[in-house]
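The values are calculated or read from the model by the stated rules, or taken from the named source; none is laboratory data. Keep in mind it's a predicted model, so treat the numbers as computed, not measured. In this analysis, Cβ positions are derived from the backbone assuming ideal geometry, glycine residues included, and neighbour counts consider all displayed protein chains. We work out accessible area using only protein heavy atoms, side chains counted, and drop any ligands, DNA or RNA first. Shrake-Rupley method; radii C 1.70, N 1.55, O 1.52, S 1.80 Å.
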Amino acid sequence: MDETDFLLPFMCLPPSNQNEWLNLSVFVDTYNSKYNTNYTFKSFPENDNRTSPEPEVLLYDGDAKMVIERKFFSFPPDHIRIHQLWHEFCDAFSQQVFSTFSDSLYILEIKSADMPANKKEIIKLANEIANAVIKHEYDIKNSEGIYSDDLIPWSFFKLSDIEREYSRIDSGVNIRVKTRSCFYNNKQLNDAIPIIKDQVFKLIQSSIPKFSNYDNCLKVLILEPHTEIINISFKILREAIQSISIPSTIDQIWLAVQIEIDEEKFIKDYYRVQNDF
């Protein structure tokens, strides 16, 4: 094993585009450390000029200039949309039940495969389950909890004292998602690679116009992968990207990854995957 075996794609939602410098400052620190440069933030071309395609940030290091464009992709291609729906469900459910079930630690278990695929239905489901658990507050607090085996099965119960010792919070409501398999076999991985390559190719092509007015700059594209499939590894993603012909208008491609430094605690890192010379 080498250090790249510990590099992971992102499972949660990509960060907001409201302040690209917050998203990219870690990359610039990484770049400056690796190449002994001193690039600093200059401007947001994308915000400054709305009439033509522009990169997200412009950086200066003396007379040297760098422009950066960041793109994210996901696998399966609908992963980000589905994950966003999960956030909508969790927020809607938690807001309704928190005040009723703040005396201890409670768990809602539900299977992701059974969830609705649009926001209206997901909020409706969250409201229905919240109403049911509030209605049965006494039973939940004084028994083993309640469950429903309707079209979308779920259960809601108080966590035992032993299990609470290993929880990150002391009270409130947690939601456990019983997901589909997060580990692909060889055939599934082989089937996934062309889909990933197609997404990356389209992102590369869409980035070309953003760099067209920056011939005198170092042009950097950062790709940020999001997936729940744990064995779609950095190495697989790197090989997929390196198999794509990169236009001369892009000088470097970097892959954003995360490294787990403690249980469920991650830091962001970046690795150059194309035109690495």
For this session: Could you tell me which of the residues Tyr106, Tyr39, Tyr60, Tyr31 is in contact with a strand residue (DSSP E or B) (Cβ under 9 Å, 6 or more places away or on another chain) and under 30 Å from Leu159 (Cα atoms)?
Result: Tyr106
Problem set entry | Residue check for Met66: open to solvent by less than 20 Å² (accessible area, probe 1.4 Å) and either closer than 19 Å to Thr227 by Cα or modelled with pLDDT of 85 or more (or both) | yes
Problem set entry | Of residues in the range 8-22 being in a helix (DSSP H, G or I) and modelled with pLDDT of 80 or more, the one least open to solvent (accessible area, probe 1.4 Å) | Trp21
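Any residue that is open to solvent by 50 Å² or more (accessible area, probe 1.4 Å), over 30 Å from His226 (Cβ atoms), at pLDDT 90 or above and not small (Gly, Ala, Ser) - is there at least one of those in the range 122-129?
The answer is no, given that none of the residues of the range 122-129 is open to solvent by 50 Å² or more (accessible area, probe 1.4 Å), over 30 Å from His226 (Cβ atoms), at pLDDT 90 or above and not small (Gly, Ala, Ser).
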Problem set entry | For Asn36: the one exception among (1) modelled with pLDDT under 95; (2) open to solvent by 60 Å² or more (accessible area, probe 1.4 Å) | (1)
For this session: Look at Val177 and say whether it is open to solvent by 40 Å² or more (accessible area, probe 1.4 Å), touching a strand residue (DSSP E or B) at 6+ places or on another chain (Cβ under 7 Å), β-branched (Val, Ile, Thr) and in a strand (DSSP E or B).
Result: yes
Exercise. Limited to the range 184-208, what total is found for residues that are within 19 Å of Ile68 (Cα to Cα) and open to solvent by 80 Å² or more (accessible area, probe 1.4 Å)?
Worked result: 2
Seminar exercise, completed: Selection over the range 33-72 where residues are touching a Ser or Thr at 6+ places or on another chain (Cβ under 9 Å) and either touching a residue at least 24 places away in the same chain (Cβ under 8 Å) or of a type in the set (Gly, Ala, Ser) (or both) yields a count of 11
For this session: Go through the range 92-118 and give me each residue that's open to solvent by 40 Å² or more (accessible area, probe 1.4 Å) and either in a loop (DSSP other than H, G, I, E, B) or touching an Asp or Glu at 6+ places or on another chain (Cβ under 6 Å) (or both).
Result: Phe98, Ser99, Ser102, Asp103, Ala117, Asn118
Problem set entry | Residues of the range 247-274 classified as open to solvent by less than 40 Å² (accessible area, probe 1.4 Å), in a loop (DSSP other than H, G, I, E, B) and in contact with a strand residue (DSSP E or B) (Cβ under 6 Å, 6 or more places away or on another chain), total | 1
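Say we look at the range 184-240 and pick out the residues that are among the hydrophobic types (A, V, I, L, M, F, W, C) and in a loop (DSSP other than H, G, I, E, B); which of these is modelled with the highest pLDDT? Can you show your working first?
If we filter the range 184-240 for residues that are among the hydrophobic types (A, V, I, L, M, F, W, C), which is where we start, we get 189, 192-193, 195-196, 200-201, 203-204, 208, 211, 217-218, 220-223, 229-230, 232, 234, 236-237, 240.
Now narrow it down to the ones that are in a loop (DSSP other than H, G, I, E, B): 217, 229-230, 232.
Working: Cys217: 97, Ile229: 90, Ile230: 86, Ile232: 92.
Applying the filter and picking the extreme gives Cys217.
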Problem set entry | Qualifying positions in the range 133-172 - at pLDDT below 90, touching a strand residue (DSSP E or B) at 6+ places or on another chain (Cβ under 7 Å) and open to solvent by 80 Å² or more (accessible area, probe 1.4 Å) | Glu144, Asp170
Problem set entry | Scan of the range 226-246 for residues that are under 19 Å from the mean Cα position of the chain (by Cα) and open to solvent by 70 Å² or more (accessible area, probe 1.4 Å), ordered by number | Ile230
